[in-house]
Amino acid sequence: MPSALSILHRTSRTPDTWVFEGHVVVLKRHPRARRYTLRLNRDNELVVTVPRGGSHHHALEFVQRSRGWIDGQRLRRQGAPGHATEWCAGTDLLLRGHRVLLALGHEQGRPYVSCGDERIFIADRSMNLRRPVEAHLLRLARTELPRRTRELAREHGITVARISVRNQSSRWGSCSATGVISLNWRLIQAPDWVRDYLVIHELMHRREMNHSIRFWRHVAHACPRWREAEAWLDRHAVELGF
Ligand SMILES: [Zn+2]
């Protein structure tokens, strides 16, 4: 059997970040932890808690032994509701943190679906409304999210190279070493304060390209409600298609 280390490759991000079968593995040392534990975070990274006296080597072996659990978690996220369901009149969804109902109407013979204050013209009343509604939300997100990101960047004196809003299936956002901020369009479904947290999180990666204590200190300073926002994102991840 090959040793754990032979199939794990170090990444350049930080010394404690590795790649295991396509997953980013982050090792976190916790002097008070009694054993190794594993969880999948919002960014789909495997976070391994390393107890006092634990080693990289044992942590990585622990990941390798947990392969069954990891596969199960992956499948659960892929099969989560929101990936394949049909939307019709009466379907409720989140928009800017408010629950809105899809309703059908028509104006001068043209059918539309309404969703909160938004009105989206559609080809046919009997169609699955998911596609036109999601496409509309994506368009809204492409205007609103970059505008807000630029505002927050200015407020915190951070420069960004480019902002892209995309349809990512497993991440809320990311920040590249060159300063490109990518945001998931579904953030438009979250309340403003949660969206702002996520944007601030990515912006603070311009100061620290990791999740170190220093990084979280920047986040907490700029966004005191960050824990609450993280909890909101966790609670709604499945509904929002993660
Ligand atoms: Zn991050």
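The values are calculated or read from the model by the stated rules, or taken from the named source; none is laboratory data. All of these numbers come straight from a predicted model, not from anything done at the bench. Using ideal geometry, Cβ is built from the backbone for each residue, glycine included, and neighbour counts are taken over all protein chains shown.
Which residue out of Pro51, Pro111, Pro132 is closer than 30 Å to Glu202 by Cβ and either of a type outside the set (A, V, I, L, M) or at pLDDT below 85 (or both)?
On the way: Pro51 fails: closer than 30 Å to Glu202 by Cβ; Pro111 fails: closer than 30 Å to Glu202 by Cβ.
Going through Pro51, Pro111, Pro132 in turn, just one is closer than 30 Å to Glu202 by Cβ and either of a type outside the set (A, V, I, L, M) or at pLDDT below 85 (or both): Pro132.
Residue check, Val113 against (1) surrounded by 14 or more Cβ atoms within 10 Å (Cβ to Cβ); (2) under 21 Å from the mean Cα position of the chain (by Cα), all met but one. Which one?
Failing condition for Val113: (2).
Does the range 146-158 include one or more residues that are among the small types (Gly, Ala, Ser), away from the ligand (no atom under 16 Å from the Cβ) and without any contact (Cβ under 8 Å) to a residue 24 or more places away in the chain?
Yes.
Out of Val24, Val19, I need the residue that is in a strand (DSSP E or B), modelled with pLDDT of 75 or more and within 24 Å of the chain's Cα centre (by Cα). Which one? Full working, then the answer.
On the way: Val19 fails: modelled with pLDDT of 75 or more.
The unique qualifying residue is Val24.
With the requirement that a residue be surrounded by 15 or more Cβ atoms within 10 Å (Cβ to Cβ), assigned to a helix (DSSP H, G or I) and aliphatic (A, V, I, L, M), what does the range 166-217 give you?
Leu187, Ile188, Val194, Leu198, Val199, Ile200, Leu203, Met204
(1) under 21 Å from Val24 (Cβ atoms); (2) modelled with pLDDT under 95: which one isn't true of Glu239, the others all being true?
Among (1) under 21 Å from Val24 (Cβ atoms); (2) modelled with pLDDT under 95, Glu239 violates only (1).
Test Arg227 against the criterion of being surrounded by fewer than 22 Cβ atoms within 10 Å (Cβ to Cβ) and in a loop (DSSP other than H, G, I, E, B), and give yes or no.
no
Could you tell me which numbered condition Pro191 fails, if it satisfies all but one of (1) within 30 Å of Tyr112 (Cβ to Cβ); (2) modelled with pLDDT under 95?
Here Pro191 clears every test but (2).
Any residue in the range 170-186 that is touching a strand residue (DSSP E or B) at 6+ places or on another chain (Cβ under 7 Å) and among the charged types (D, E, K, R)? Don't jump to the end; show me each part of the working.
So in the range 170-186, the residues touching a strand residue (DSSP E or B) at 6+ places or on another chain (Cβ under 7 Å) come out as 171-175, 180-185.
Now narrow it down to the ones that are among the charged types (D, E, K, R): 171.
Yes: the range 170-186 contains one or more residues that are touching a strand residue (DSSP E or B) at 6+ places or on another chain (Cβ under 7 Å) and among the charged types (D, E, K, R).
When residues of the range 187-242 are filtered for being in contact with a strand residue (DSSP E or B) (Cβ under 6 Å, 6 or more places away or on another chain) and either within 13 Å of the ligand (Cβ to nearest atom) or under 21 Å from His156 (Cα atoms) (or both), how many remain? Step through it out loud before you land on a result.
Filtering the range 187-242 for residues in contact with a strand residue (DSSP E or B) (Cβ under 6 Å, 6 or more places away or on another chain) gives 189, 198, 202, 205.
With either within 13 Å of the ligand (Cβ to nearest atom) or under 21 Å from His156 (Cα atoms) (or both) added as a condition, the list becomes 198, 202, 205.
Residues that pass the stated criteria total 3.
Can you name every residue in the range 159-175 that is polar (S, T, N, Q), under 11 Å from Arg206 (Cα atoms) and more than 12 Å from the ligand (Cβ to nearest atom)? I'd like the intermediate steps shown before the answer.
Kept after step one, since they are polar (S, T, N, Q), are these residues of the range 159-175: 159, 164, 167-170, 174.
This time we only want the ones that are under 11 Å from Arg206 (Cα atoms), so: 159, 174.
Hit for the range 159-175 is Thr159, nothing else.
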